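K.L.:
This structure is in structure tokens; I'll ask about it shortly.
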Amino acid sequence: MNIDRAVLAFAGFVVLLSVALAASVSSWWLLLTAFAGLNMLQASVTGFCPAAMIFRRLGLREGSAFS
């Protein structure tokens, strides 16, 4: 798995977790979905992604988006 796929998988996990928590605990958890969406949007514009930096330090190989 490369960094690009790990970032996408992590973003998908956060969104699904947020929706599940919103359905079972409180609708305030949808703010986590909004945060994930905003982070993906700013990463597409600036190229800066904290999750990509963490996955790089964990030793995942480079992808084409976050190199």
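K.L.:
Take every Cα pair under 8 Å in the chain that's 6+ residues apart, average their separations, divide by the length, and report that relative contact order as a whole percent. Intermediate values should be presented prior to the final figure.
P.N.:
Details: 53 pairs, mean separation 33.5, N = 67.
Reported relative contact order: 50 percent.
K.L.:
Next question. Rounded to the nearest 500, what is the 222 nm mean residue ellipticity of the chain from helices alone, with -39500 (n - 2.57) per DSSP H run of 4+ residues and division by all residues? Mind dumping the intermediate values first?
P.N.:
On the way: 3 runs with 47 residues, N = 67.
Computed ellipticity for the chain at 222 nm equals -23000 deg cm²/dmol.
K.L.:
Same structure again: Using the count of nearby Cβ atoms within 10 Å as a rough guide to exposure, how do Met1, Met40 rank from fewest to most?
P.N.:
Values: Met1 10, Met40 16.
So the residues, fewest neighbours to most, are Met1, Met40.
K.L.:
Another one. Label points 7 Å out from Cα along the Cβ direction at Leu16 and Leu38: separation in nm?
P.N.:
About 2.5 nm, to one decimal.
K.L.:
Any chance you could give the angle, 0 to 90 degrees and rounded to 10, that helix 3-24 forms with the longest Cα principal axis of the chain?
P.N.:
10
K.L.:
Given axes a ≥ b ≥ c from the Cα gyration tensor, I'd like to know whether the stretch 1-40 is rounded (a/c under 1.5), prolate (a/b larger than b/c) or oblate.
P.N.:
oblate
K.L.:
For the chain, what does the equivalent ellipsoid look like in terms of its semi-axes, each the square root of 5 times an eigenvalue of the Cα gyration tensor, given largest first in whole Å?
P.N.:
One finds semi-axes of 25, 13, 8 Å for the chain.
K.L.:
Sort 3-16, 44-57 for me by packing, meaning the mean count of neighbouring Cβ atoms within 10 Å per residue, highest on top.
P.N.:
On the way: 3-16: 16.1, 44-57: 13.9.
Highest mean packing first, the order is 3-16, 44-57.
Throughout, read-outs are computed from the coordinates displayed, never taken from laboratory work. This is a predicted model, so every value here is computed, not measured. Quick reminder, even Gly has a Cβ in these numbers, built from the backbone with ideal geometry, and neighbours come from all protein chains shown.
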